[in-house]
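A short worksheet on the structure shown next.
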Amino acid sequence: MLSWVIFVLQVQLMDITEVLLATQSHDGQIRNVAEGNIKQFEEQSFPQFLQALSAELSNDSKPPVSRRLAGILLKNSLDANDLVRKEKCTQRWRSVDPAIKSQVKGSLLMTLGSPVSDAHRSSSQVIAKIASIEIPLQGWPELIISLLGNMTKPDAPPSLKQATLDAIGYVCEEISPKDLEQDQVNAVLTAVVQGMNHVENSSGVRLAAVKALYNALDFAETNFQNESERNYIMKVVCETAISKEADIRKAAFECLVSMASTYYDLLEPYMQTLFELTANAARADEEQVALQAIEFWSTICDEEVAIQEDAEESGDVSSACHFHFIEKALPLLVPMLLETLLKQEEDQDEDDGIWNISMAGGTCLGLVATAVKDAIVPLVMPFIEGNITKPDWHSREAATFAFGSILEGPSVEKLAPLVHAGFDFLLNATKDQNNHVRETTAWALSRAFEFLHSPTSGVSVVTNANLPRVIEIMLTSIKDSPNVAEKICGALYFLAHGYENAGSMSSVLSPYFGQLVSALLATADRSDSNNSRLCASAYETLNEIVRCSSIADTLNMIVLLLQEILKRLNQTFEFQITSSEDKEKQSDLQALLCGVVQVILQKFSNCDDKSVIIQFADQIMVLFLRGFSCDSSNVHEEAMLAIGALAYATGPEFVKYMPEFHKYLEMGLQNFGAYQVCCVSVGVVADICRALDDEVLPYCDAIMSALLKDLSSPELHRSVKPPILSCIGDIALTIGEHFEKYVPYTVPMLQGAAELCSRMDLPDDDSTEYKNELRRSIFEAYSGILQGVKNSKSELMVPYASHIFQFAELVLRETSRDEGLTKAGVALVGDLADALGPSIKLLLKNSNFHSELLGRCSQSDDEQLRETASWVQGVISRVLVS
């Protein structure tokens with residue numbers, strides 16, 4: 001206690017400005033001491049920490065650097081990306097004395113009036129972070145009033161208005177629409193729209209207002225339903241989209257893009273005006289504005305494609321909310337987009353992350369093709385035919401880009417004549433003198449192979465007659481510049497993919513297997529590329545060629561490939577690492593090589609003769625275990641996946657690796673930080689259970705302990721929890737009666753998960769999908785346990801039978817469940833009756849739910865569901881007559 005008091009006294013004497021500036025010192029020792037003091041101050045005296053920093057931020061006599069740092073530290077003390085830390089930040093703020101919180105808020109609101117932009121911007125952000133904690137709980141009711149008051153002050157300087165609008169925008173970004181009353185929303189929108197008005201002289205204020213509107217659009221649903229209010233908002237936004245300042249025009253178009261998604265069904269009266277605005281911007285405005293204008297139409301496409309897909313799923317093809325904006329605009333929209341394809345940049349092949357008007361236009365053209373299907377072909381063909389042979393490379397590249405962009409959407413019947421006629425031309429264009437044209441040609445070929453190469457369906461641009469020429473061109477072009485080679489890898493990937501599950505037809509690639517493998521390995525090794533994607537593309541394509549090959553034809557070559565990959569993996573451990581970049585390259589390569597080994601093991605698993613796998617298993621495991629010593633979650637994940645494949649392929653032989661491997665498995669199961677590794681480790685447990693059967697028993701205590709800890713941990717990403725529940729079912733099924741000691745711990749966990757499902761909010765499709773996944777995994781866990789104990793320990797589950805049955809009934813009466821959930825639920829009802837038999841006769845007798853359910857399932861179009869329902873009906877009938 002005394003030391004804490006002394007520390008607080010030291011803080012009070014400490015000049016916070018000097019400490020903040022010292023954190024930026026070039027002297028590492030001074031910097032470390034200052035950072036330590038700041039951290040200690042925050043941890044040991046948080047209220048005083050807030051007071052000191054907010055005072056620093058609000059003091060115009062302090063250096064801009066220290067004020068900016070004060071703002072950053074304040075913001076970081078109130079929020080975090082990690083959910084657990086975020087909750088701690090929230091609770092810590094709530095526990096601060098109300099008087100101190102009021103003082104901090106007052107300082108922040110005062111700072112909005114600072115003429116120093118860094119200070120008032122930081123204050124806006126911190127205000128929003130506090131609002132995100134308080135407003136959902138009806139706290140800080142005076143905030144919105146105070147902010148709106150700043151906007152109506154007759155003598156308010158532009159800097160105050162701008163900072164206030166920034167704060168309004170940030171607050172809207174942080175909170176939910178349900179957190180504000182409608183009169184507050186009305187007042188906010190009024191202030192924001194007035195700030196956008198052209199009578200406002202300050203461009204900074206108008207820009208802040210447009211950005212605030214962007215964040216407030218989700219709050220404006222009621223206002224958009226009111227025609228006069230909607231008309232006014234649309235009028236102001238459209239006027240703002242032709243402001244003289246480019247950054248304001250860009251922000252206005254960003255608002256229109258958001259409206260296209262949020263208020264699609266209300267846009268019809270404005271579409272003529274919006275087309276003119278976007279077309280003019282796309283043709284003549286600065287790139288940053290033109291990109292947003294094109295994005296508006298891409299968003300409209302996304303909305304209409306989603307509506308079409310929903311209508312097809314529901315069977316209601318005449319959807320009232322489908323306004324066919326793309327179809328109606330098609331004759332004008334397509335020529336406008338085709339014009340954008342001619343606006344390439346000379347050096348666009350040198351920057352991986354480049355995004356320009358040409359690329360945006362081509363992407364939008366592809367979305368239009370998906371939306372309107374066959375109707376786009378006659379509108380694009382004249383452009384392709386008119387430009388494909390022109391001397392100017394811009395024209396040839398644009399025509400090729402247009403060709404590739406429309407290959408997804410239109411029917412095969414509509415495209416086939418076009419593609420067959422142009423296929424030879426495309427193959428020849430891989431030798432074009434211009435690098436841009438060759439790259440786009442390689443991409444267009446990959447699209448043709450992806451959408452029009454399906455030998456099993458009888459439709460393919462690749463035939464036995466032209467395959468030798470196709471392979472020859474691919475093998476030549478893969479030696480082209482790195483950006484072209486990467487696209488050729490994509491083309492080879494889809495060429496091979498077309499022969500997946502093609503039976504004997506997959507043998508047509510066998511004569512070229514060795515050449516393709518050699519070319520891809522050489523491509524992965526290329527030293528003329530700084531593009532890590534080329535190496536990754538080469539290995540991913542190699543995986544697909546192995547996966548789709550005929551094992552009977554290529555077994556010996558795949559063995560040689562495995563030896564080569566293991567040699568390469570071994571060599572990676574000898575790399576000289578002198579920088580973080582070297583370390584990253586090493587980790588990326590190790591992960592890719594582990595991925596190739598996994599694919600090869602999966603391929604060998606289809607062979608009756610396991611001797612090849614056994615021959616290399618020791619070497620593979622040694623290398624994988626070395627991989628776990630690397631500090632890379634990506635390597636750990638890929639190594640785990642490959643070990644799962646090895647366990648599946650070797651079966652009972654895998655037991656000899658468990659004494660060493662189980663330590664790394666348990667580490668993976670406890671890796672909350674890299675939750676993907678944890679999830680993969682859970683899958684490996686299931687693989688090991690299937691491989692080892694009851695020989696997994698000596699390791700079950702540690703595995704079950706780790707899994708139950710995972711389930712109870714708030715730190716672990718929620719996506720891992722359904723696989724864990726399913727995995728527990730796999731363990732129970734594997735070890736049978738030996739699962740008895742885990743039942744008292746496992747079943748309450750399953751009951752808790754079921755209770756969680758009943759309380760879960762479903763604000764979006766992702767939440768609905770997760771809820772269904774969680775419930776399905778609960779079903780699978782119960783089924784595994786019931787099947788595991790039914791022969792000798794079925795009485796263990798009798799006390800839980802009623803709860804299990806009620807949970808299944810509750811879920812299976814819902815209409816929102818998916819097909820997988822239904823199958824798992826029906827199977828669980830059958831497993832419950834099969835395992836517990838006469839013990840639940842009364843439970844079954846007193847319910848008509850199961851007969852209704854099975855009656856519906858027996859009429860299903862799904863054969864597997866009908867068969868499961870028939871089996872369950874037979875089991876229940878036997879129980880009822882027992």
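Assuming R0 = 35 Å, can you tell me the calculated FRET efficiency for the pair Gln571 and Asp424, based on Cβ-Cβ distance, to the nearest 0.05? If you can, show how the numbers build up before the last one.
Values: r = 42 Å, r/R0 = 1.21.
So, using R0 = 35 Å, E works out to roughly 0.25.
Amide H of Ser460: which non-local residues (sequence gap of 5 or more, or other chain) have their own amide H closer than 5 Å, using H built in the peptide plane?
Result for Ser460 returns Ser454.
At a 1.4 Å probe, what is the % contribution of carbon and sulfur to the accessible area of segment 794-850? Mind dumping the intermediate values first?
On the way: 1260 of 2430 Å².
C and S fraction of accessible area: 52 percent.
Extending each Cα 7 Å along its Cβ direction at Thr222 and Ala246, get the distance between those two points in nm, one decimal.
Output for this residue pair reads 4.1 nm.
How far, in nm, would the chain grow between Tyr232 and Val559 when pulled straight, counting 0.36 nm per residue and subtracting the alpha carbon separation? Show your work: numbers first, answer last.
On the way: separation 327, 0.36 × 327 = 117.72 nm, distance 7.02 nm.
Stretched out fully, the Tyr232 to Val559 stretch lengthens by 110.7 nm.
Strictly over 27 Å apart at the Cα level, which of Lys771/Lys823; Lys771/Lys841; Lys373/Lys431 would you flag in this model?
Lys771/Lys841; Lys373/Lys431
Scan [x] 43.7; [y] 49.7; [z] 59.1 for the value of mean projected area of the Cα convex hull in nm² calculated from this model and give just the label.
Label of the calculated value: [x].
Length gain on complete extension for the stretch Ser314 to Glu286, per 0.36 nm per residue less the alpha carbon to alpha carbon distance?
Details: separation 28, 0.36 × 28 = 10.08 nm, distance 4.27 nm.
Length gained, Ser314 through Glu286: 5.8 nm.
For the ranges 770-778, 115-123, 151-159, what's the packing order if you count other beta-carbon atoms within 10 Å of each residue, average per peptide, and put the highest first?
Numbers: 770-778: 23.0, 115-123: 20.4, 151-159: 12.9.
Order by mean packing, descending: 770-778, 115-123, 151-159.
Quick check for me: using +1 on Lys/Arg Cβ and -1 on Asp/Glu Cβ, what's the dipole size of segment 372-458 about its Cα centre, in debye to the nearest 20? Don't jump to the answer; show the numbers that get you there.
Numbers: 7 positive and 10 negative charges, 10 e Å.
For this selection, approximately 40 debye.
Using 29 Å as the Cα-Cα cut-off, could you pick out the over-long pairs in Lys583/Lys603; Lys741/Lys845; Lys88/Lys721; Lys39/Lys62; Lys161/Lys235? Walk me through the numbers before you get to the answer.
Working: Lys583/Lys603 31 Å; Lys741/Lys845 31 Å; Lys88/Lys721 22 Å; Lys39/Lys62 21 Å; Lys161/Lys235 22 Å.
Pairs exceeding the cut-off: Lys583/Lys603; Lys741/Lys845.
Given a 1.4 Å probe and every protein chain left where it sits, what share in percent of the accessible area of segment 650-722 is carbon and sulfur? Show your work: numbers first, answer last.
Numbers: 1600 of 3080 Å².
Answer for segment 650-722 is 52 percent, counting heavy atoms of protein chains only.
Output the peptides 828-834, 68-74 sorted from most to least packed, where packing is the average of other Cβ atoms within 10 Å over each peptide's residues.
On the way: 828-834: 25.0, 68-74: 22.7.
So the order, starting with the most tightly packed, is 828-834, 68-74.
Run the helix sum for the chain: -39,500 (n - 2.57) per DSSP H stretch of 4+ residues, divided by residue count, reported at 222 nm to the nearest 500 deg cm²/dmol. Don't jump to the answer; show the numbers that get you there.
Working: 42 runs with 634 residues, N = 882.
The per-residue figure over the chain is -23500 deg cm²/dmol.
Which value, in debye to the nearest 20, gives the size of the charge dipole of segment 411-549 about its Cα centre, when Lys and Arg are +1 and Asp and Glu are -1 at the Cβ?
Values: 10 positive and 13 negative charges, 15 e Å.
It comes to approximately 80 debye.
Keeping every protein chain present and rolling a 1.4 Å probe, give me the accessible area per residue for segment 411-549 in Å².
On the way: 5610 Å² over 139 residues.
Accessible area per residue, segment 411-549: 40 Å².
Give the calculated FRET efficiency between Leu880 and Met667 to the nearest 0.05, with a Förster radius of 51 Å applied to their Cβ-Cβ distance. Don't jump to the answer; show the numbers that get you there.
Numbers: r = 49 Å, r/R0 = 0.97.
In this case the efficiency is close to 0.55.
Once Lys and Arg get +1 and Asp and Glu get -1 on their Cβ, which of Gln288, Ala702, Ala538 lies farthest toward the positive end of the dipole of the chain?
Result: Ala702, furthest along the dipole toward the positive end.
Between the alpha-carbon centers of segment 223-246 and segment 563-594, tell me the distance in whole angstrom.
That distance is 55 Å.
Would you mind listing how long segment 411-549 runs along its three principal axes, going by Cα atoms, in whole Å with the largest first?
Taking the Cα atoms of segment 411-549, the three principal extents are 42, 32, 22 Å.
Hey, with R₀ at 45 Å, roughly what FRET efficiency would Glu173 and Ser712 work out to, going by the Cβ-Cβ distance, to 0.05? Each step should come with its number before you reach the end.
Working: r = 33 Å, r/R0 = 0.74.
So, using R0 = 45 Å, E works out to roughly 0.85.
What is the distance in Å between the Cα centroid of segment 169-206 and that of segment 62-138?
Segment 169-206 and segment 62-138 have Cα centres spaced 20 Å from each other.
Using a 1.4 angstrom probe, figure out how much accessible area segment 717-881 has per residue, in square angstrom, rounded to the nearest whole. Mind showing how you got there, number by number?
Details: 7600 Å² over 165 residues.
Normalised by residue count, the accessible surface of segment 717-881 is 46 Å².
How many percent of the accessible area of segment 452-540 is carbon or sulfur, using a 1.4 Å probe?
Answer for segment 452-540 is 52 percent, counting heavy atoms of protein chains only.
Just how large is the dipole of the chain about the Cα centre, in debye to the nearest 20, putting +1 at every Lys and Arg Cβ and -1 at every Asp and Glu Cβ? Mind dumping the intermediate values first?
Details: 69 positive and 119 negative charges, 271 e Å.
That gives a dipole near 1300 debye.
Highest mean first, what order results for 852-865, 798-811 on Cβ atoms within 10 Å?
With the highest mean Cβ count within 10 Å placed first, the list reads 798-811, 852-865.
How big is the gap, in Å, between the Cα center of segment 511-525 and the Cα center of segment 809-826?
So the separation of the two Cα centres works out to 48 Å.
For the chain, calculate the relative contact order in percent as a whole number, restricting contacts to Cα pairs under 8 Å that are 6 or more residues apart. Write out the running numbers ahead of the final one.
Working: 1104 pairs, mean separation 36.8, N = 882.
Relative contact order for the chain comes out at 4 percent.
Which Cα, out of Ser794, Phe739, Ile804, lies furthest along the positive dipole direction of segment 726-882 (beta carbon charges, K/R +1, D/E -1)?
So the residue we want is Ser794.
The values are calculated or read from the model by the stated rules, or taken from the named source; none is laboratory data. Treat the numbers as computed from the prediction; the structure is a model and nothing was measured. No Cβ is skipped: glycine too gets one built from the backbone with ideal geometry, and neighbour counts run over all protein chains shown. Keep in mind that these areas ignore ligands, DNA and RNA; they rest on the heavy atoms of the full protein, side chains included. Shrake-Rupley method; radii C 1.70, N 1.55, O 1.52, S 1.80 Å.
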